[in-house]
Amino acid sequence: MQLQTALNRIVASEHRHPDVHEIALGVMEGERFIHACRGEWQGGPVGPETPFLIASASKLFITAMVFQLADEGRLTLDDPVRRFFPGELDGLHVWKGVDVTGQITLRHLLCHTSGLPDYFEGRRRDGASLAADLFAGRDGAYGLAEVLGWARDGMRPAFAPGTGMRALYSDTNFYLLAELVARLDGDSLDAALARRITGPLGLTRTAFFKPGAEVLPLRLGGRVIEAPQALASMPGDGGAVSCLADLARFTRAFFAGELFEKGRLADLPPWRRVFFPLTAGTGVLRFAVPGWLPPFRPGMAFVGHSGISGTIAFALPDHKRIIVGTVNQLQDRSRPYRMMMKAALAWSRIG
């Protein structure tokens, strides 16, 4: 059986689920790009150029740009984050009655070891969360001041910065990193992305979301979530738009070391547990399937990032084989991972 046939079967099987309206899956090795898509959009079939929201896979763009700034000598990963936000972060992280915000470094933000609460999905003291509001149809714009206010005044930190091998996945970390990139680049985050990533790689369908952008509808079960103001407010931590072909090219470039010094790939570990089987490294996530789980002996690991919208952008351990895709569905967050594992198994068997 050919790999194209295997991908077609995987996508057809996933598309039969009543909540999966649009789906795309692609694998890339070198210049070889094989893909399968199902669904309809704007009167035509979904294809490798169809734009979709990639949610937290947007964080890979921010990681790449932070690494670039480090290569340029504009920062080091061990710089305190306060250096870039003078007078703005006081009291952001208070642990056991002591303001420890000054201990947070850029590496802590990248590795999710800052202990800062997650402004997006974390629950505030009143029980509310931004994610729940958006999924209920309550849209609204926000900025740095609101994010800092939610994290500082409405939520509690999880642990002191850099405590042991602990990680708390937090969008607050990457909101700060995205703001930092824009400030150091001296222009908007959109301009930084175009100059540093999409322009050099020739990505024509990748940008940070803006209201009115043409993109697949964001789905939660059988509902479409309309949240243009919020999506435009979270560019670097969850608001990028891409397509299957662009996402594959970017992910390949990321793990080939085309965008920053290749030696940084060796510094992605150590891996700290987020929740089984997901761990966090330096700006990336690792999804590791244990060897005792058939049919994955002797185990299987993927490094990259996923997104709550059902997006995957991962490399296999050799950093040469790339798997990207979307099920365009906020519900059943394990579905894109299962699709990725099926693709990886087929690829390993067929080659």
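Observations on the structure shown:
- The C-beta contact set for segment 86-99 (first residue exposed (fewer than 13 other Cβ atoms within 10 Å of the Cβ), second residue not in a loop (DSSP other than H, G, I, E, B), distance under 6 angstrom, 6+ apart or interchain) comprises Gly91/Asp99; Gly91/Arg152.
- Screening Arg338 with (1) basic (Lys, Arg); (2) over 30 Å from Leu77 (Cβ atoms); (3) assigned to a strand (DSSP E or B) gives one miss only, at (3).
- Residue check for Phe52: closer than 30 Å to Asp246 by Cα, of a type outside the set (Ser, Thr, Tyr) and open to solvent by 10 Å² or more (accessible area, probe 1.4 Å): no
- Single residue of Ala178, Ala167, Ala207, Ala191 found to be in contact with a helix residue (DSSP H, G or I) (Cβ under 8 Å, 6 or more places away or on another chain), crowded, with 19+ Cβ neighbours inside 10 Å, free of Cβ contacts under 8 Å to residues at least 40 places away in the same chain and not charged (D, E, K, R): Ala207
- Of all residue pairs spaced 6 or more apart or on separate chains, those with beta-carbon atoms under 8 Å, a first member in segment 1-27 that is surrounded by 14 or more Cβ atoms within 10 Å (Cβ to Cβ) and a second member that is among the acidic types (Asp, Glu) and not in a helix (DSSP H, G or I) are Asp19/Asp332; Glu22/Glu40.
- Residues of segment 64-85 that are closer than 14 Å to Leu109 by Cα and surrounded by fewer than 15 Cβ atoms within 10 Å (Cβ to Cβ): Thr76, Asp78, Arg83.
- The strands (runs of 3 or more DSSP E) located wholly in segment 216-306 that include 1 or more residues which are in contact with a Gly (Cβ under 7 Å, 6 or more places away or on another chain) and surrounded by fewer than 20 Cβ atoms within 10 Å (Cβ to Cβ) occupy 285-289.
- Those residues of segment 29-43 which are outside any loop (DSSP other than H, G, I, E, B), open to solvent by 10 Å² or more (accessible area, probe 1.4 Å) and not basic (Lys, Arg), in sequence order: Glu29, Phe33, Ile34, His35, Cys37, Glu40, Trp41
- Just one of (1) in a strand (DSSP E or B); (2) open to solvent by 30 Å² or more (accessible area, probe 1.4 Å) fails for Asp332. It is (1).
The values are calculated or read from the model by the stated rules, or taken from the named source; none is laboratory data. Fair warning: this is a prediction, and the values are worked out from it, not measured in the lab. As a convention, Cβ positions derive from the backbone with ideal geometry for all residues, glycine included, and neighbour counts pool all protein chains shown. Areas reflect the complete protein model, heavy atoms only, side chains present, ligands, DNA and RNA absent. Shrake-Rupley method; radii C 1.70, N 1.55, O 1.52, S 1.80 Å.
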